[in-house]
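Presented below is the structure to which this report refers.
Throughout, read-outs are computed from the coordinates displayed, never taken from laboratory work. As the structure is a prediction and not an experimental result, all values here were calculated from the model. Every residue, glycine among them, receives a Cβ derived from its backbone with ideal geometry; neighbour counts consider all protein chains shown.
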Amino acid sequence: MDELLQEMIDPVPPQHDVARRRRLVTTVAILTLAGTGIAAMATAAVFTDNSTVNSGEITTGTVDLATGDLTFTVPSEGLAPGDALVAPLTVTNSGTLAYRYAVSYSAEDTTAADGGSAPLTEWLQLRVYAVDTCTRGATDSMGAQLIGAAGSQVGSGPLSTAAEPAALVGDVATGQQPGDRVLIAADASEQLCVRVDLPIDTPNEAQATSANLTLRLDAEQTTNNP
């Protein structure tokens, strides 16, 4: 009885209707796939083009500090208390970038075994001047420009014999520091005048002593480096 009522409410579709529905679903599926294929073909078929651009060679600038020789003319009889030696030192910008530079020094006692008993570095005094003519008279004049490192004891001695170079002009720290020297243009140069004094009050024990002095110059670019 229940089955009869169910068939009356939801009769089984004729077999030919079922087949028609299946064909319709299949046809729709085929058309859908065909449409997808056409869209894929249309997407792939586009015009393209490309071009390359060469930037040319990219080069960097150079910081190149060049110096002349530093030669003191020591009297053949040796220094006496009250004497002073001067020597010019030319600094040249041999690179392409403007730079600032600082000067430091190292000193070493080189007294022979039969020399005096007082280290010469304890008495020598070192100074650097910016003068047109590197002579003792020019450095003694009232207008002589003494240049040095901020806070240093340059000119008042004694010379440092530490392993690390001591500040003489400017500061080797990066960036602009008090006393730094600047050479703006390539091929620019300036002359420094280095002076070494043996004070008049040097003791007798400093006889037959000697020392060696080495200057070091450190440069850094000024562009983008305030």
**Study point:** Dipole moment magnitude, nearest 20 debye, the range 47-165 about Cα centre, only Lys, Arg, Asp, Glu C-beta charged
**Key:** 340 debye
Revision key, fill the gap. Taking N as the number of residues in the range 43-128, the ratio of its alpha carbon radius of gyration to 2.2 N^0.38 Å works out to 2.43
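Pop out the Kirkwood hydrodynamic radius of the range 138-226 from its pairwise C-alpha distances, inverse of mean 1/r, in Å to one decimal.
Numbers: mean 1/r = 0.0629 Å⁻¹.
Computed over the range 138-226, the radius equals 15.9 Å.
I'd like the FRET efficiency for LEU146 and GLU57, computed as 1/(1 + (r/R0)^6) with the beta carbon distance as r and R0 of 35 Å, rounded to 0.05.
Approximately 0.15, to the nearest 0.05.
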